[in-house]
Each structure stands twice: as C-alpha cells, then as structure tokens.
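In what follows, a structure is listed as structure tokens, so that the remarks can point back to it.
The values are calculated or read from the model by the stated rules, or taken from the named source; none is laboratory data. Given the structure is predicted, the values throughout are model-derived calculations rather than measurements. Note: ideal-geometry Cβ built from the backbone for every residue, glycine included; neighbour counts use all protein chains shown.
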Amino acid sequence: MTTYSVDELVVPATMNDDPATVQSFRDWLAVSDAAEVGVHGLPELAWTPEEYLPMCHEPGAPSRLFAVRDTDGAVVAAGSYDTKQEAGTTNCWLAAGVAPEHQRRGIGTLLADHLEGVARADGRTQWKTYAVSRQVGPAAGPGYVQAPTGFGAVPVDEAGVRFLTARGWRFGQVNRISRLPLPADHSVVRELHDRASAAAGPDYRVHSWTGRTPGEWLDGIALLETRMSTDAPSGDMAEPEDVWTAERLRAHEEELARAPRSMLTVAVEHVPTTTLAGFTQLAVPDDPARPAMQWDTLVLREHRGHRLGWLLKVVGIEELERSFPGRPSIVTFNAEENRPMLDVNEAVGFTGVGCEGIWERRV
Ligand SMILES: CC(C)(COP(=O)(O)OP(=O)(O)OC[C@H]1O[C@@H](n2cnc3c(N)ncnc32)[C@H](O)[C@@H]1OP(=O)(O)O)[C@@H](O)C(=O)NCCC(=O)NCCS
C-alpha cells in the first residue's frame, strides 16, 4: 500500500543551486500548477520555475514550501505557507494542491493538516487561501455558492470548495480572472485614452518605466503598495495594514529582478502636490510566448472619480505593446465587486476566463 509523507523543501537560492534541491522545487511547482490548471483549464497561468523562485524569497516574508511524496519519493501534492516574519504578525496565507491523478485519497487532508499546524505553531490567527475555480458566468444560480460580498460565486461541485467548506473555512470573496488577447483593438484603446485624459485634466500626469522605481517615486510607490492592503476591496476579510517603506520596496525589486521578466509600471502623478495618485504594474516574461500578468492596480481613495483607473489601464496596454511586442495576452485578477476596474477591463476587451475564491479561517 502506498504511504504518503509531508516534507518541507529547502527552497533553492537560485536555479543554479544544488541540482537535487532545484529538482525538488521544479517537481513541487509542476504539481502546484497541475492542480490549478486541472481546475480552471488555463495552461497560460502555469509558472516557470525561474519566474516563480524569486517570489519565494520576498524579503521579510520568505515562502515555506511543503511537498507530499509517495513511497517512491515522487511529489504528489504541493503546499505553501507565507507570512511576514515581523513580530506581532497575525495573518498568513496557505495553499494546497494535489496532482489531479492523486486526488481523493486523503492527501489534501494530510497536507492541509500539516500547513494549518505550521500556522498554529507560528501563532497566526487569521489564515487565508486563494482557491481557483472554473469560470462562473453572471447567471450563477443553484449549484453555486454566492460570495457574501454579493458579487460572484463558485461552483458547489468543485473539489476545492467542498474541501475548504468541510474543513471549516469561510468563503469571503471572488476574484475574476480576465484575459485580453493581444494585440488589443488600438482604435478602442486610443479613444478610451483620450476620454480618460480629458476627464483627468491637467492636474494629473502619467509616468511609466520598466524595472526599478526611479528614486523620485520610491516613497510614492511604497505608499501605494501600503494602501493596496487597505484601499483594495477585500470583502469583510480585511487584512492588517501591510506597511511598505522605500527600503522594503528596493529589496523587493532586487529580488524580483532575478526573474526572467520585466516589471512595467505606469503611475499617475497628482501635479499640484507632486505625489503619486495611482499605479499599475505588468510583469512581462522575457519569453514572448508567455502572457503579461497585470499585478497591482490602485488609485488612492482621495483621487478616485477622475478616470485614473482607465488612464492607467490603457497606458499600460499601449506601453506593453510598444516595449514588448508580440505577447499573446494580458491576464489579470480583480475583485468581482470592483465594478470600476471591471468596467475598464470590459471596455478594452478583457473577458472572464476563470475565478478565484478567497477563503478565510480565524482561529
Ligand atoms: C482540494 C484538494 C486539495 C483536495 O485534495 P484531496 O487529496 O483530493 O482531498 P482529500 O482526499 O483529503 O479529501 C478530503 C475531503 O474533501 C472533500 N472533497 C475533496 N475532493 C472532493 C470532490 N472531488 N468532490 C467532493 N468532495 C471532495 C471531501 O469532503 C473529502 O472527504 P471524503 O473523501 O472523506 O469525502 C484537491 O482537489 C486540489 O488540489 N484541488 C485543486 C487546488 C485547490 O482547489 N486547492 C484548494 C485548497 S487551497
């Protein structure tokens, strides 16, 4: 009979680390990706190990990775535990995925028990997980669990939904996964750009750059990163404020720069105060066959209502196509209740391709 055991990986420092360490990491990521692609059917969202590794080395919050192996030592499930190391931290993120061909044998339970044990031992009391789902249209009725935000739903019949519910996790929010095939319709993007610029008026000016944040905008981007934790919709699962400083931002950028991709940032300056009012970031793989991922997008609360979200989005598309031609698509995740963001995405041609349930457990 096959027996399964959980072990913690040594996360390689780089992809040139000891070959056995690197191979375990590759196997872990392949299983993690396979579990998610098995649900949403979007192979475009699978990570390459080279892209994923630097994200495991987030300064002050290194990822801990766990593998379930069978008797032969093959990885059959992949788990992760993420939290800031700073004293007083109460929250953490867990993730578990079982290779599709090994599901329903108790492996997910073994891994989740282990991860929750790690969180408990670490004194974390507010746990979150992001569980992908297949695309759910607006007409979701019976057969779906509605999000308590009133926006979005996940299918009742999905393994992750059943699994998390049975373990006492609470479903809190839905992210829509949207995809824009490239090239975008340039006449639409141009027209939206003109309208957004006119609405924003002379008080706002757009800047964009690739790679490290220019010195003059370091504090501005650090503030925007901080406000991602307080100003972006998070249902009723509000997380503690996550403070970014210029030093933390630099260390984070140094780490991300190790990945074979470029970070394209578009930011809007509020001219009268010479401060940043909003930003968006696109992670663009060096490999032109891979999609660009649109990461954080935020307009500070006090600057909302000036079409700055539209401006950021269309300039991001234009800059991406100019500087990195030939990418197949842009993929982005947005809260289903974030109507202003979904409006601009829909207007430029993004369509929903999948969902992500955000689940919480407080202990
Ligand atoms: C969710 C997931 C981790 C479960 O892993 P697993 O090894 O199949 O889970 P287990 O065998 O330990 O199942 C435990 C319980 O979950 C529920 N469950 C799991 N899969 C289910 C399915 N396909 N249908 C109905 N219930 C299911 C059942 O209550 C099951 O208990 P039972 O078998 O005694 O009825 C796995 O399906 C997976 O990797 N899914 C994709 C990634 C994901 O959604 N992760 C979410 C967690 S972060």
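Miscellaneous remarks
- Being of a type in the set (A, V, I, L, M) and within 16 Å of the ligand (Cβ to nearest atom) is a property that holds for Val145.
- Strands (runs of 3 or more DSSP E) wholly inside the range 129-246 containing at least 2 residues that are under 21 Å from His306 (Cβ atoms): 204-210
- Selection status of Thr213, of a type in the set (Ser, Thr, Tyr) and either surrounded by fewer than 18 Cβ atoms within 10 Å (Cβ to Cβ) or farther than 20 Å from Thr275 by Cα (or both): no
- Candidates are the residues of the range 158-195 that are more than 16 Å from the ligand (Cβ to nearest atom) and hydroxyl-bearing (Ser, Thr, Tyr); the one that is surrounded by the most Cβ atoms within 10 Å (Cβ to Cβ) is Ser178.
- Within the range 41-61, residues that are under 14 Å from Ala95 (Cβ atoms) and free of Cβ contacts under 8 Å to residues at least 40 places away in the same chain reach partners that are assigned to a helix (DSSP H, G or I) and of a type in the set (D, E, K, R) with beta carbons closer than 8 Å, at six or more positions or on different chains, in the pairs Trp47/Asp33.
- Among (1) more than 19 Å from the chain's Cα centre (by Cα); (2) under 30 Å from Gln146 (Cβ atoms); (3) buried (at least 16 other Cβ atoms within 10 Å of the Cβ) - the single one Asn334 does not satisfy: (1)
- Looking only at residues in the range 135-157 that are surrounded by 15 or more Cβ atoms within 10 Å (Cβ to Cβ) and either hydrophobic (A, V, I, L, M, F, W, C) or touching a Pro at 6+ places or on another chain (Cβ under 7 Å) (or both), the one that is modelled with the lowest pLDDT is Ala140.
Here's the yes/no breakdown for (1) within 14 Å of the ligand (Cβ to nearest atom); (2) small (Gly, Ala, Ser):
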residue	(1), (2)
Met1	no, no
Tyr4	yes, no
Asp7	no, no
Pro12	no, no
Ala20	no, yes
Gln23	no, no
Trp28	yes, no
Val31	yes, no
Leu45	yes, no
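- Residues of the range 88-131 that are among the basic types (Lys, Arg) and away from the ligand (no atom under 14 Å from the Cβ): Arg120, Arg124.
- Any chance Arg134 is within 14 Å of the ligand (Cβ to nearest atom) and either without any contact (Cβ under 8 Å) to a residue 24 or more places away in the chain or of a type in the set (Asp, Glu) (or both): no
- Each residue in the range 68-96 was checked for being closer than 22 Å to Ala20 by Cβ, of a type in the set (Gly, Ala, Ser) and surrounded by 13 or more Cβ atoms within 10 Å (Cβ to Cβ), and 5 pass.
- First in the range 98-121 and touching a residue at least 12 places away in the same chain (Cβ under 8 Å), second anywhere and more than 6 Å from the ligand (Cβ to nearest atom) and assigned to a loop (DSSP other than H, G, I, E, B), Cβ under 7 Å, 6 or more apart: Ile107/Tyr4; Leu110/Tyr4; Ala112/Arg167; Arg120/Val363
- Wholly within the range 41-124, strands (runs of 3 or more DSSP E) carrying at least 3 residues that are under 14 Å from Asp7 (Cβ atoms): 64-69, 75-82
Let's see how each residue does on (1) of a type in the set (Phe, Trp, Tyr); (2) within 17 Å of the chain's Cα centre (by Cα):
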| residue | (1), (2) |
| --- | --- |
| Arg69 | no, no |
| Thr83 | no, yes |
| Ala99 | no, no |
| Gly123 | no, no |
| Gln126 | no, no |
| Tyr130 | yes, yes |
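- Test: Glu51 is over 28 Å from Pro260 (Cβ atoms) and more than 16 Å from the ligand (Cβ to nearest atom): no
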